[in-house]
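*Asks:* Here it is: the structure, laid out below.
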Amino acid sequence: MSVLDKSIVELGAALAGGEVTSRELTEAALQRIADARTLNCFVTVCGEQALAQADAADARIRNGGGGPLTGIPLAHKDLFCTDGVKTSCGSRMLDNFIAPYDATVVARLKQAGCVMVGKTNMDEFAMGSSNENSYYGPVSNPWDVGKVPGGSSGGSAAAVAARLVPVATGTDTGGSIRQPAALCGITGLKPTYGRVSRYGMVAFASSLDQAGPLAKSAHECALLLGAMAGHDALDSTSLDLAVPDYVSALHDDISGLKIGLPREYFGGGLDSDVAAAVHAAVDVLVGLGAQVKEITLPRQDLSIPAYYVVAPAECSSNLSRFDGVRYGYRCANPVDLEDLYKRSRGEGFGAEVKRRIMVGTYVLSAGYYDAYYLKAQKMRQLICEDFQQAFAEVDVIAGPTSPSVAFARGERTDDPISMYLSDIYTNAANLAGLPGISVPCGFVNRLPVGLQIIGNHFTEQRILNVAHRYQLASDWHDARPPAAEAP
Amino acid sequence: MRNSWETVIGLEIHAQLATRSKIFSGSSTAFGAAPNTQASAVDLGLPGVLPVLNGEVVRMAVKFGLATGAQIAERSVFARKNYFYPDLPKGYQISQYELPVVGHGSVTIATEEGSTRRIGLTRAHLEEDAGKSLHEDFEGLSGIDLNRAGTPLLEIVSEPDMRSAAEAVAYARKILSLVRYLEICDGNLQEGSFRCDANVSVRRRGDEELGTRAELKNINSFRFLEKAINFEIDRQIEVLESGGEVVQETRLYDAERNETRPMRSKEEANDYRYFPDPDLLPVVIDEDYIAAVRATLPELPDQKRQRFVDDFGLSDYDADLLTADRDTADYFERTARAANAEYKLSANWILGELSAHLNAGDLTISASPVPAESLGAMLNRILDRTISGKIAKEVFEAMWNGEGDADAIIEQRGLQQITDSGAIEQVVDEIIVANPQQAEQFRAGKEKILGFFVGQVMKATQGKANPAQVNDILRRRLQDPDS
């Protein structure tokens, strides 16, 4: 057991009580990161800067100016811009890019006194479900290093699971927080679209992207989300809505809570052992007083096709700025402008990114826009309606986060469709802008299974509450992967 | 040959909105700063940045819409226009596509024949400007200046309602006048804050269907607009009459050669892949907002022109010229107020002497060294006969050169008109005595000789004698020296 096994709730109390210093925690994290280098969780480790921040946090605590997160080491997914520290997005394109500003999420957590120890590995530009699409190489799953950690926030999820850092940030466009959290056996929350500012988060699909916390427990996610959330004048899509006290809502009684189990989330394609683990978890919630109701989300089957039109369309436009002109990768010796564009982008982007740019360009093209993009938007509307009908009957929706546990590295890289299906239960929440959380709920073949709980818009406190009550009644989230042991 | 063809012209005008900051960032829009010093992270299109709409641009667009009787959209949407160009930092331009903020409207122009024509406006939409590529001074490379990137533009699209280059110019002038009245654009063509692209096609007279059009770009003055269109009309007619077909294309106007020529086709073979920008919310405008903007509208050029005709008795022509821009109209009204409400006299002086001086010095009326009130005060000296109109020109010249106000100059130079009849009679008598032969000719009926005497009297009085009095007295004394 190391100090990093503790939750940030415990660490916050220990820091405030003077039992441990931020410097000690930060040094422990840096040591763990160095020891677990083979997991490949980090693109950048900022030792010196982190220690300076830790010392500043310690001084702040000594002066009585600290808050619940002051002095807590954390890692940011490498697509949050960080002033003066490389922001690569897991891409060769941005291997040389140092942003001159902090993302709002980074700035808020800095303001709260968190210490950034580094930037985590990820699928290139957040496109992927296995972390195999990184320019910096794949990340290993701490439960089985031959398996993928999920993606795209795979570096963050693996780093938390392997106890390199107590908490990390991630982003979720189609499941990129929830799916790796599930595959790595930790807790990950995707907030409602508009809850957390997207400013400084390098955009993949602007109408779907949301930042959120990854931690061992829901309680920690609640603490972190409280610091991340809230209106930001720099993001027109962030809502000007008061941030509730997520922590105080955690302990609410859940008796009488109506949980909907969508028939479509338990159909073909779902691993039966995963299904059993999810049902067992639901039974625990029933034991806590919740009621279960089978529901239907009849247009659920539209979510993957709709997602793979909308997300690539937006990405094809969002990634146009990477042209080799102002920053980022530029090919050697371009002969003219067109050559500069073609080779800089051809050499700077990886295969999956290029695939999605091409799909997105196609679906927005004259003559195809109506048939694809517009139709996908209509499908998206139908998916939203399904959810709203469901929420008229139930308080939250529960089901598996991913249809299977972690798969072997290389297993799905040649088959993009099978890879995309890994997010079949998570895409819909992004299309509908709903909050969702994944919590560990068991093991299949010694690999973690995730239970997903989806709430209606801006009910993060509710799904955190359900997740927390579940975690009080279970200990799956406390399980330590083999990679958490000192090497 | 040209008579059997009809020309059809529509204009797309890009008016740079006169906001202090850019449309989606807080950077300054001031012209002429050192390259890239007015480009923020948002303007540079850095990874992760997001646009935030400057509310002022919406207010300005609504003002324009109200002034042209247009529909204001309850809900309008920003879209991305995707294409690659080095001075387009994000790889897309944020513009409005399917749902523009301003819908159908119209303006009225005066035609060469002296009648008026109504020109329809298809729409006006908001968008951001791109940066500038600089191809000189970089030894085979290009420089990029992103100061202009993100500058707000209102793109004003007309219907294909114009039938000649002169009408197109009249329309462009009308829009220019309007945006200046509304104070939403400084209308500086040289600095590029008011740019015109022309869609030109021709068809045989009587044909219903429109001909294939060419879009003319790179026109930075009204003179060039007229020349470019006329060149293009001739070119298209020539192509058609020799059995060819007009190609739909973008053509650049070359002012030095006075010709249009096609842009490289590669550059225009763009599929812009428009889609709603997910980073920006739809712009929702309600009745209260519109009413509040309407309350801020100034008197518009057409209304002002009519008032000048109706209330001040000015000719249509003079009223048109005086109301073409708001500063001139204001100057006129202030002058007339100071000149005892002598509107016609004020108009004559502003459109004559003052305009000539302004043009010679390449000055706008607001930079005139002679303020309206000073001009008005001088006109009062004409009205009270202290000076003649002729002497007034000398006084004005001195005022222009900064020698003080009219009264001081008249006093200093002794330019007061001689209106004392006795003094004039004395001069007249002396001249009649000195020129008995001419006096005899007058009495014998040679009326024309009077001019000789007037000239002599004026010479003797250094032009200061009141001309009307001189005439009167001369006639009287020549007929009857004892009268």
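The values are calculated or read from the model by the stated rules, or taken from the named source; none is laboratory data. Computed from a predicted model, the values in this text were never measured in an experiment. FYI the Cβ positions are ideal-geometry reconstructions off the backbone, even for glycines, and counts take in every protein chain you see. Accessible surface is based on the protein model in full, side chains and every heavy atom, while ligands, DNA and RNA are left aside. Shrake-Rupley method; radii C 1.70, N 1.55, O 1.52, S 1.80 Å.
*Asks:* Looking at segment A:447-455, can you tell me whether even one residue there is at pLDDT 95 or above, surrounded by 24 or more Cβ atoms within 10 Å (Cβ to Cβ) and part of a helix (DSSP H, G or I)?
*Replies:* The answer is no, given that none of the residues of segment A:447-455 is at pLDDT 95 or above, surrounded by 24 or more Cβ atoms within 10 Å (Cβ to Cβ) and part of a helix (DSSP H, G or I).
*Asks:* Sort out which residues of segment B:225-261 are within 12 Å of B:ARG213 (Cβ to Cβ) and open to solvent by 70 Å² or more (accessible area, probe 1.4 Å), and write them in order of number.
*Replies:* Answer for segment B:225-261, where residues must be within 12 Å of B:ARG213 (Cβ to Cβ) and open to solvent by 70 Å² or more (accessible area, probe 1.4 Å): B:VAL247, B:GLN248.
*Asks:* Anything in segment A:57-76 that is among the small types (Gly, Ala, Ser) and assigned to a helix (DSSP H, G or I)? List them, or say none.
*Replies:* A:ALA57, A:ALA59
*Asks:* Going by the structure shown, is A:ALA59 without any contact (Cβ under 8 Å) to a residue 12 or more places away in the chain and either at negative phi or out of contact with any strand residue (DSSP E or B) (no Cβ under 9 Å at 6 or more places or on another chain) (or both)?
*Replies:* Yes; evaluated as a whole, the condition is true for this residue.
*Asks:* Any residue in segment B:222-234 that is farther than 17 Å from B:SER193 by Cα sitting within a Cβ distance under 9 Å of a residue that is open to solvent by 70 Å² or more (accessible area, probe 1.4 Å) and of a type in the set (D, E, K, R)? List the pairs, counting only those 6 or more apart or interchain.
*Replies:* Close Cβ pairs (under 9 Å, with a partner that is open to solvent by 70 Å² or more (accessible area, probe 1.4 Å) and of a type in the set (D, E, K, R)) amount to B:ILE233/B:ARG2; B:ASP234/B:ARG2.
*Asks:* Also: Pick from segment A:232-248 the residues that are crowded, with 16+ Cβ neighbours inside 10 Å and under 28 Å from A:ASP283 (Cβ atoms): which of them is farthest from the other protein chains (Cβ to nearest Cβ)?
*Replies:* Ranking the candidates gives A:VAL247 first.
Condition check ((1) within 14 Å of chain B (Cβ to nearest Cβ); (2) not β-branched (Val, Ile, Thr)) across all residues:
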site: A:ASP144; (1), (2): no, yes
site: A:GLY155; (1), (2): no, yes
site: A:VAL160; (1), (2): no, no
site: A:ARG163; (1), (2): no, yes
site: A:PRO166; (1), (2): no, yes
site: A:GLY174; (1), (2): no, yes
site: A:ILE177; (1), (2): no, no
site: A:LEU183; (1), (2): no, yes
site: A:SER197; (1), (2): yes, yes
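*Asks:* OK, next. Which of the following residues is open to solvent by less than 10 Å² (accessible area, probe 1.4 Å), of a type in the set (Val, Ile, Thr) and within 14 Å of chain B (Cβ to nearest Cβ): A:VAL353, A:VAL282, A:VAL325, A:VAL335?
*Replies:* The conditions single out A:VAL353.
*Asks:* Run down B:LEU154, B:LEU126, B:LEU176 and say which single residue is more than 14 Å from chain A (Cβ to nearest Cβ) and either over 22 Å from B:LEU216 (Cβ atoms) or without any contact (Cβ under 8 Å) to a residue 12 or more places away in the chain (or both).
*Replies:* Result: B:LEU126 is the single residue among B:LEU154, B:LEU126, B:LEU176 that is more than 14 Å from chain A (Cβ to nearest Cβ) and either over 22 Å from B:LEU216 (Cβ atoms) or without any contact (Cβ under 8 Å) to a residue 12 or more places away in the chain (or both).
*Asks:* Name every residue in segment B:67-123 that is of a type in the set (D, E, K, R), out of contact with any helix residue (DSSP H, G or I) (no Cβ under 6 Å at 6 or more places or on another chain) and away from chain A (no Cβ under 14 Å), in order of residue number.
*Replies:* Across segment B:67-123, the qualifying residues are B:GLU74, B:ARG75, B:GLU113, B:ARG117, B:ARG118, B:ARG123.
*Asks:* Which members of segment B:1-26 meet the condition of being in a loop (DSSP other than H, G, I, E, B) and more than 29 Å from the chain's Cα centre (by Cα)?
*Replies:* Matches in segment B:1-26: B:MET1, B:PHE24, B:SER25, B:GLY26.
*Asks:* Kindly establish whether A:VAL405 is open to solvent by less than 10 Å² (accessible area, probe 1.4 Å) and either part of a strand (DSSP E or B) or out of contact with any Lys or Arg (no Cβ under 6 Å at 6 or more places or on another chain) (or both).
*Replies:* no
*Asks:* Do you know which of the residues in segment B:366-389 that are within 19 Å of the chain's Cα centre (by Cα) and either buried (at least 21 other Cβ atoms within 10 Å of the Cβ) or of a type in the set (S, T, N, Q) (or both) is farthest from B:ASP311 (Cα to Cα)?
*Replies:* The residue in question is B:SER368.
*Asks:* Another one. Name every residue in segment A:249-279 that is open to solvent by less than 50 Å² (accessible area, probe 1.4 Å), small (Gly, Ala, Ser) and in contact (Cβ under 8 Å) with a residue 24 or more places away in the chain, in order of residue number.
*Replies:* A:ALA249, A:GLY256, A:GLY260, A:ALA275, A:ALA277
*Asks:* B:LEU363 fails exactly one of the following numbered conditions: (1) assigned to a loop (DSSP other than H, G, I, E, B); (2) more than 12 Å from B:ILE409 (Cα to Cα); (3) open to solvent by less than 60 Å² (accessible area, probe 1.4 Å). What is the number of that condition?
*Replies:* All conditions pass for B:LEU363, except number (3).
*Asks:* Next up: Does A:ALA54 satisfy the condition of being part of a helix (DSSP H, G or I) and either out of contact with any helix residue (DSSP H, G or I) (no Cβ under 8 Å at 6 or more places or on another chain) or over 21 Å from A:GLY200 (Cα atoms) (or both)?
*Replies:* Yes: the conditions hold for A:ALA54.
Here's the yes/no breakdown for (1) within 14 Å of chain A (Cβ to nearest Cβ); (2) buried (at least 19 other Cβ atoms within 10 Å of the Cβ):
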| position | (1), (2) |
| --- | --- |
| B:GLU12 | no, no |
| B:SER28 | no, no |
| B:PHE31 | no, no |
| B:LEU44 | yes, yes |
| B:GLY55 | yes, no |
| B:LYS63 | no, yes |
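*Asks:* Out of segment A:460-480, which residues are in contact with a Leu (Cβ under 9 Å, 6 or more places away or on another chain) and part of a loop (DSSP other than H, G, I, E, B)?
*Replies:* The one that is in contact with a Leu (Cβ under 9 Å, 6 or more places away or on another chain) and part of a loop (DSSP other than H, G, I, E, B): A:ALA473.
*Asks:* Any residue at all in segment B:156-171 that is part of a strand (DSSP E or B), surrounded by fewer than 20 Cβ atoms within 10 Å (Cβ to Cβ) and modelled with pLDDT under 95?
*Replies:* No: zero hits.
*Asks:* Can you name the residue in segment A:359-402 that is within 13 Å of chain B (Cβ to nearest Cβ) and free of Cβ contacts under 8 Å to residues at least 12 places away in the same chain and, of all such residues, is surrounded by the fewest Cβ atoms within 10 Å (Cβ to Cβ)?
*Replies:* A:GLY367
*Asks:* Would you check if there is a residue in segment B:66-86 being assigned to a helix (DSSP H, G or I) and out of contact with any strand residue (DSSP E or B) (no Cβ under 9 Å at 6 or more places or on another chain)?
*Replies:* No, that holds for no residue.
*Asks:* Would segment B:336-359 turn up any residue that is in the same structural domain as B:LEU50 (by TED's automatic domain parsing), under 26 Å from the mean Cα position of the chain (by Cα) and at pLDDT below 95?
*Replies:* no
*Asks:* From the set of residues in segment A:432-446 that are under 15 Å from the mean Cα position of the chain (by Cα) and buried (at least 23 other Cβ atoms within 10 Å of the Cβ), which is farthest from A:LYS378 (Cα to Cα)?
*Replies:* It comes out as A:PRO440.
Yes or no, residue by residue, for (1) in a loop (DSSP other than H, G, I, E, B); (2) open to solvent by less than 10 Å² (accessible area, probe 1.4 Å); (3) of a type in the set (A, V, I, L, M):
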residue	(1), (2), (3)
B:ALA130	yes, no, yes
B:SER133	no, no, no
B:ASP137	yes, no, no
B:ALA149	yes, yes, yes
B:LEU154	no, yes, yes
B:ILE175	no, yes, yes
B:ARG180	no, no, no
B:GLU191	yes, no, no
B:ASP197	no, no, no
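*Asks:* From (1) in a strand (DSSP E or B); (2) open to solvent by less than 20 Å² (accessible area, probe 1.4 Å), pick out the condition that doesn't hold for A:ALA429.
*Replies:* Checking A:ALA429 against (1) in a strand (DSSP E or B); (2) open to solvent by less than 20 Å² (accessible area, probe 1.4 Å), the one that fails is (1).
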